[in-house]
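What follows is a single structure, written as structure tokens, with notes after it.
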Amino acid sequence: MKSSICLAPISHLKELNNLFIELTEKNCNLRCKHCYINFPLKKNVKDFITVDSVKKALNETINHNITCIYLTGAEPMTHPDFNSILRLCLKRSNVCIFTNASCINEKKARFLKRVEEESSFEIIFKLSIDHYNEIKSDDIRGRGTYRQTLHAVKCLVKYGFNPILCITNYYKEDPQILKEEFKKVCSKIGFETNDDNFTINEYFDKNSNDDIIDTEWDSLDCEYGRILTSKGIYSCPFLANDHRGRSGSSFIDFSDKTLLESPFCRTCIKNKKSMFSIDFSKFT
Ligand code: SF4
Ligand code: SF4
């Protein structure tokens with residue numbers, strides 16, 4: 001876990017259990033204040049990963065024990081072949097969709113349930129919403145996003161899904177209070193939750209110059225996963241397409257080490273636990 005010759009610690013891939021797939025690097029209909037993506041001025045950039053690249057990665061990782069495939073973006077549901085990619089991935093393992101929920105309505109939730117029923121695996125949703133107070137959440141994510149996400153939650157719950165709400169603790173509030181208040185909001189819309197329905201993460205502040213890096217953590221995404229993007233393989237979603245997280249060009253031959261030198265790594269290490277992957281041990 002630690003390096004004696006470099007100032008920054010090194011993490012080693014222990015097992016490839018989590019396969020992240022970035023469906024698009026720059027397509028998202030929102031512009032959240034805390035987003036770490038540097039968006040181009042032009043909207044609708046054609047940077048979608050190809051279905052063939054996904055097929056190739058699934059073949060190359062066949063001998064790894066993949067417990068979950070995570071579809072990420074920017075906003076993965078903007079991919080024109082989203083449904084085909086989802087079906088392909090569901091042939092292999094559980095699939096977790098990281099989404100801002102703007103593409104989910106009742107019709108889509110019904111359709112996604114049908115897709116899940118065709119498979120022996122599960123679809124898990126991680127939906128972004130940043131505060132239990134509508135004004136505070138919309139201030140970060142944009143007007144109307146709070147209601148949109150809660151509507152998506154309602155639709156998913158109606159069709160038997162059990163979504164996870166992903167909260168970036170932008171205002172640095174007490175996480176326990178955030179959870180309790182969110183539970184009340186969910187209860188009002190008929191969604192009975194427990195602690196596992198919420199993920200509260202540290203806020204990555206692009207402008208912070210905090211350079212203190214700890215060397216202790218419970219688990220990091222780069223220890224159990226890699227992300228496929230249209231440019232190759234990288235250590236984790238934070239470092240997708242960033243030369244500091246480059247692991248290789250394919251899953252045939254990729255690096256199992258990451259130098260934890262980026263400001264993103266400081267946020268992860270402060271968080272102590274993985275920021276993206278699901279801890280399935282809690283559910284067994
Ligand atoms: S929804 Fe996600 S990708 Fe889109 S702007 Fe917000 S944080 Fe960034
Ligand atoms: S950002 Fe986090 S998960 Fe990614 S390499 Fe750094 S410590 Fe690992």
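Details
- Residue match in region 191-208 (condition: among the β-branched types (Val, Ile, Thr), open to solvent by less than 20 Å² (accessible area, probe 1.4 Å), under 21 Å from the mean Cα position of the chain (by Cα) and within 16 Å of ligand 2 (Cβ to nearest atom)): no
- Yes/no for Val157 being without any contact (Cβ under 8 Å) to a residue 60 or more places away in the chain, open to solvent by 30 Å² or more (accessible area, probe 1.4 Å) and of a type in the set (A, V, I, L, M): yes
- The sole residue among Leu112, Leu127 that is closer than 15 Å to Val95 by Cα and without any contact (Cβ under 8 Å) to a residue 40 or more places away in the chain is Leu127.
- Qualifying residue in region 202-218 (condition: touching a residue at least 60 places away in the same chain (Cβ under 8 Å), out of contact with any Phe, Trp or Tyr (no Cβ under 9 Å at 6 or more places or on another chain) and either among the β-branched types (Val, Ile, Thr) or within 24 Å of Glu122 (Cα to Cα) (or both)): yes
- Some residue of region 20-35 being more than 13 Å from ligand 1 (Cβ to nearest atom) and not acidic (Asp, Glu): yes
- Cβ-Cβ contacts under 9 Å between residues 6 or more apart (or on different chains), taken from a first residue in region 238-250 that is under 19 Å from Ala74 (Cβ atoms) to a second residue that is part of a strand (DSSP E or B) and basic (Lys, Arg), are listed as Leu239/Arg246.
- Verdict on Ser128 being within 14 Å of ligand 1 (Cβ to nearest atom) and under 20 Å from Pro237 (Cβ atoms): yes
The values are calculated or read from the model by the stated rules, or taken from the named source; none is laboratory data. Worth saying up front: this structure is predicted, and the values here are computed from it rather than measured. Backbone-built Cβ (ideal geometry, glycine too); neighbour counts: all protein chains shown. Accessible surface is based on the protein model in full, side chains and every heavy atom, while ligands, DNA and RNA are left aside. Shrake-Rupley method; radii C 1.70, N 1.55, O 1.52, S 1.80 Å.
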